[in-house]
Amino acid sequence: MKELSEAIAYIRSRTDLRPKTAVVLGSGLGHLATKLNNKVVIDCSKVPHYPVPQVEGHAGQLIFGELPPSRSGRASPILAFVGRPHYYESGEIDRVTFPVQLAAGLGVKNMILTNAAGGVSRWLSPGDLMLITGQINLMLTSSKSPSELRTPTRVYDPSLLSLARGVAQREGLTLKEGVYCAVAGPSYETAAEIQMIWRLGGDAVGMSTVHEAMTARRLGMRVLGISLITNLATGLTSEPMSHEDVIRVARTARKKFEKLLTRILLFMSW
Ligand code: HPA
């Protein structure tokens, strides 16, 4: 695809780093990228054909950098996407998956997808971290590209799931697990829709991740997904919900989230 080649060529002209691992940082979760050393920050708007994210809390940057050297003594190159294009902005899946396609074109093999999500399961509370074990695509749309017709049975990589569980245990962090259900948005769900999602098997609800995960798998990457539960889903509390609350809880739970993610990234690059 010409668009992708032009985007890759632009990025190659800006950095020599060749990360094997990329992370998409969801709503209010971009701070982790500021911790990288030797950063090269690329504004999405400068990358040819890149769909610039529009939502508040999604700055829209690609940050190449290195995590501080791990115990192995090696610095680990990472590509962080701060912010992501959402389906409700354009209604086009190719725009949503552009960052993942770009990462694959740049040689990335491991994709970590993070998001802010509403807790549907009664075992989830605001501030919880949830490892995504499976997904339900309630956007009811999928990519048409013929090369992507084969659907992987397991979207989320079993070895990365084990790695994340092990890291959380070692660091004394509580890591819940569940199925992520994506809706198209942009408005939040009704109470009746949340009941439906629960009956269908969804533990958390959000407006991203499912297409990115599927595309990453189909492009041969290993995928890990982590949700930060920022609110109880509609109908589970009398409080009205807002995007500001999502950003506020994301900021509060940031330390825990960053600790987990940094350790996972370090282990992945050993
Ligand atoms: N619903 C959909 N998307 C979300 C939510 C929610 O409750 N919280 C954060 N993103």
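The values are calculated or read from the model by the stated rules, or taken from the named source; none is laboratory data. From a predicted model like this one, the values you see are computed outputs, not experimental measurements. All Cβ positions, even for glycine, are placed from backbone atoms using ideal geometry, and neighbour counts span all protein chains on display.
Can you find even one residue in the stretch 194-201 that is near the ligand (Cβ under 10 Å from one of its atoms), over 18 Å from the mean Cα position of the chain (by Cα) and either touching a residue at least 24 places away in the same chain (Cβ under 8 Å) or surrounded by fewer than 22 Cβ atoms within 10 Å (Cβ to Cβ) (or both)? Give the derivation first.
Going through the stretch 194-201, the residues near the ligand (Cβ under 10 Å from one of its atoms) turn out to be 194, 197.
With over 18 Å from the mean Cα position of the chain (by Cα) added as a condition, the list becomes 194, 197.
Subsequent filtering for residues that are either touching a residue at least 24 places away in the same chain (Cβ under 8 Å) or surrounded by fewer than 22 Cβ atoms within 10 Å (Cβ to Cβ) (or both) retains 194, 197.
Checked against the condition, which is being near the ligand (Cβ under 10 Å from one of its atoms), over 18 Å from the mean Cα position of the chain (by Cα) and either touching a residue at least 24 places away in the same chain (Cβ under 8 Å) or surrounded by fewer than 22 Cβ atoms within 10 Å (Cβ to Cβ) (or both), the stretch 194-201 yields at least one hit.
If a residue has to be out of contact with any helix residue (DSSP H, G or I) (no Cβ under 7 Å at 6 or more places or on another chain), under 28 Å from PRO77 (Cα atoms) and among the basic types (Lys, Arg) to count, how many in the stretch 218-270 make the cut?
Qualifying residue count for the region: 3.
Out of the stretch 84-113, which residues are at pLDDT 95 or above and within 16 Å of the ligand (Cβ to nearest atom)?
Answer for the stretch 84-113, where residues must be at pLDDT 95 or above and within 16 Å of the ligand (Cβ to nearest atom): just LEU113.
Hey, does the stretch 41-53 have a residue that's in a helix (DSSP H, G or I), out of contact with any Lys or Arg (no Cβ under 9 Å at 6 or more places or on another chain) and under 30 Å from THR230 (Cβ atoms)? Give the steps one after another, and end with the answer.
Applying the first criterion (in a helix (DSSP H, G or I)) to the stretch 41-53 yields 44-46.
Among the residues that remain, those that are also out of contact with any Lys or Arg (no Cβ under 9 Å at 6 or more places or on another chain) are: 44-45.
Filter once more, keeping what is under 30 Å from THR230 (Cβ atoms): 44-45.
Yes, that holds for at least one residue.
When you go through ARG217, ARG154 one by one, which is the residue that is charged (D, E, K, R), in contact with a strand residue (DSSP E or B) (Cβ under 7 Å, 6 or more places away or on another chain) and farther than 20 Å from SER27 by Cβ? Write out each step before concluding.
Details: ARG154 fails: in contact with a strand residue (DSSP E or B) (Cβ under 7 Å, 6 or more places away or on another chain).
Answer to the check: ARG217.
If you take the residues of the stretch 8-35 that are among the small types (Gly, Ala, Ser) and not in a helix (DSSP H, G or I), which of them is farthest from the ligand (Cβ to nearest atom)? Break it down stepwise before answering.
Looking only at the stretch 8-35, we keep the residues that are among the small types (Gly, Ala, Ser), and these are 9, 13, 22, 26-28, 30, 33.
Filter once more, so that each one left must be not in a helix (DSSP H, G or I): 22, 26-28.
Working: ALA22: 22, GLY26: 9, SER27: 7, GLY28: 10 Å.
Filtering first and then ranking leaves ALA22.
Considering SER227, SER238, which residue is within 9 Å of the ligand (Cβ to nearest atom) and either modelled with pLDDT of 95 or more or over 18 Å from ILE132 (Cβ atoms) (or both)?
On the way: SER238 fails: within 9 Å of the ligand (Cβ to nearest atom).
Checking each option against the conditions leaves just SER227.
Away from the ligand (no atom under 16 Å from the Cβ) and free of Cβ contacts under 8 Å to residues at least 24 places away in the same chain - does that describe any residue in the stretch 172-192? Break it down stepwise before answering.
Just the residues of the stretch 172-192 that are away from the ligand (no atom under 16 Å from the Cβ), to begin with: 172-175, 177.
Filter again for free of Cβ contacts under 8 Å to residues at least 24 places away in the same chain, leaving 172.
Within the stretch 172-192, one or more residues are away from the ligand (no atom under 16 Å from the Cβ) and free of Cβ contacts under 8 Å to residues at least 24 places away in the same chain.
Residues in the stretch 114-129 that are assigned to a loop (DSSP other than H, G, I, E, B), modelled with pLDDT under 95 and within 11 Å of the ligand (Cβ to nearest atom): how many?
Going through the stretch 114-129 one residue at a time, the tally reaches 1.
Among the residues in the stretch 228-245, are any closer than 20 Å to SER143 by Cα and hydroxyl-bearing (Ser, Thr, Tyr)?
First pass over the stretch 228-245, keeping only residues closer than 20 Å to SER143 by Cα: none.
There is no residue in the stretch 228-245 that is closer than 20 Å to SER143 by Cα and hydroxyl-bearing (Ser, Thr, Tyr).
So, in the stretch 204-222, of the ones that are in a strand (DSSP E or B) and within 16 Å of the ligand (Cβ to nearest atom), which residue ends up nearest to GLU92 (Cα to Cα)? Outline the logic, then answer.
Kept after step one, since they are in a strand (DSSP E or B), are these residues of the stretch 204-222: 204-206, 222.
If we keep only those that are within 16 Å of the ligand (Cβ to nearest atom) too, we end up with 204-206.
Numbers: ALA204: 23, VAL205: 20, GLY206: 17 Å.
In this case the residue turns out to be GLY206.
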